[in-house]
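Below is one structure, written out as structure tokens; the observations come after it.
Every number here is computed from the coordinates shown, using simple stated rules; none is lab data. Please read these numbers as outputs of a predicted model, since none were measured by experiment. All Cβ positions, glycine included, derive from the backbone under ideal geometry; neighbour counts span all protein chains shown.
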Amino acid sequence: MNGRSTLNRLLLALCGLVLLGGGLLILTAGFDLYHRLRVVPPAGWPVAMPRDVLLSNADRIRWSDQGWWWWAAVIAILVLAAALALTWLLTQLRRRPGAVQLGGTPPAESVELRGLALGDVVASEARTLPDVERASAHLTGRAAGPQLHVALTLSDHGLPASVLQSLCRGPVAHARESTGLTHLPARAHLHVTRHKARRAE
């Protein structure tokens, strides 16, 4: 699992916990479970009884005398948060095809390969290439027209041209042959490991 997938899972888990906590808070007060279970909520608890509201009249008019800039700032923050959430959602939908339609003659329309599995295979084979220390791979685009992205970290003495040639002839070519996608586009991102200089003694 790469760092981007881990970050996505953490963001989803965090959003889920926030929504779950808010829902449980409202349901607990709505069904008056504190009174039924004889539990005293902490002081200042936002919603403790069925008649309580999340935003009281005092809270609503608290900032009304601050001028128009306060409402503009709130609206701008909400619009920015909604735009970021929508951008993240659209990026996830177009970035990871769940499956790849296998090509061939005739096309194997009923046969699909999981995109994560193909990326893992390409990354595993790329790690065995000379002068490659780390490798990751994933697919983007639609299932009928995916694109392969490979990220390689080279050793300090690795030659990018040589590694790129080995990548095209090895993992990328094998991925095209195994899937039957002769027009599978591929992009490679090469990084070089930086070693700290040692002081001569």
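Quick one: Karplus J couplings for the stretch 11-18, per residue in order, coefficients 6.51, -1.76, 1.60, θ = phi - 60°, nearest Hz, x for Gly and Pro?
In residue order, the calculated couplings are 5, 5, 5, 5, 4, x, 5, 5 Hz.
Name the long-range amide H neighbours of Leu190: under 5 Å, sequence gap of 5 or more, or other chain; modelled H, no Pro or chain starts.
Here the answer is Leu152, since their amide H atoms fall under 5 Å of that of Leu190.
Would you please give the FRET efficiency between Leu78 and Arg134, computed as 1/(1 + (r/R0)^6) with r the Cβ-Cβ distance and R0 = 41 Å, to the nearest 0.05?
Numbers: r = 40 Å, r/R0 = 0.98.
It comes out at approximately 0.55.
Evaluate E = 1/(1 + (r/R0)^6) for Asp32 and Trp70, where r is the Cβ-Cβ distance and R0 equals 30 Å; express this FRET efficiency to the nearest 0.05.
Values: r = 35 Å, r/R0 = 1.17.
With R0 = 30 Å, the Cβ-Cβ based efficiency is 0.30.
If each residue of separation counts as 0.36 nm, what is the full-extension length gain between Asp156 and Ser178 once their alpha-carbon separation is subtracted? Walk me through the intermediate numbers first.
Details: separation 22, 0.36 × 22 = 7.92 nm, distance 3.22 nm.
Here the segment from Asp156 to Ser178 would lengthen by 4.7 nm.
Beta carbons within 10 angstrom, averaged per residue: use that to sort the peptides 14-25, 163-174, highest first. All intermediate terms of the calculation are to be shown ahead of the outcome.
Working: 14-25: 10.9, 163-174: 16.6.
Sorting 14-25, 163-174 by mean packing, highest first, produces 163-174, 14-25.
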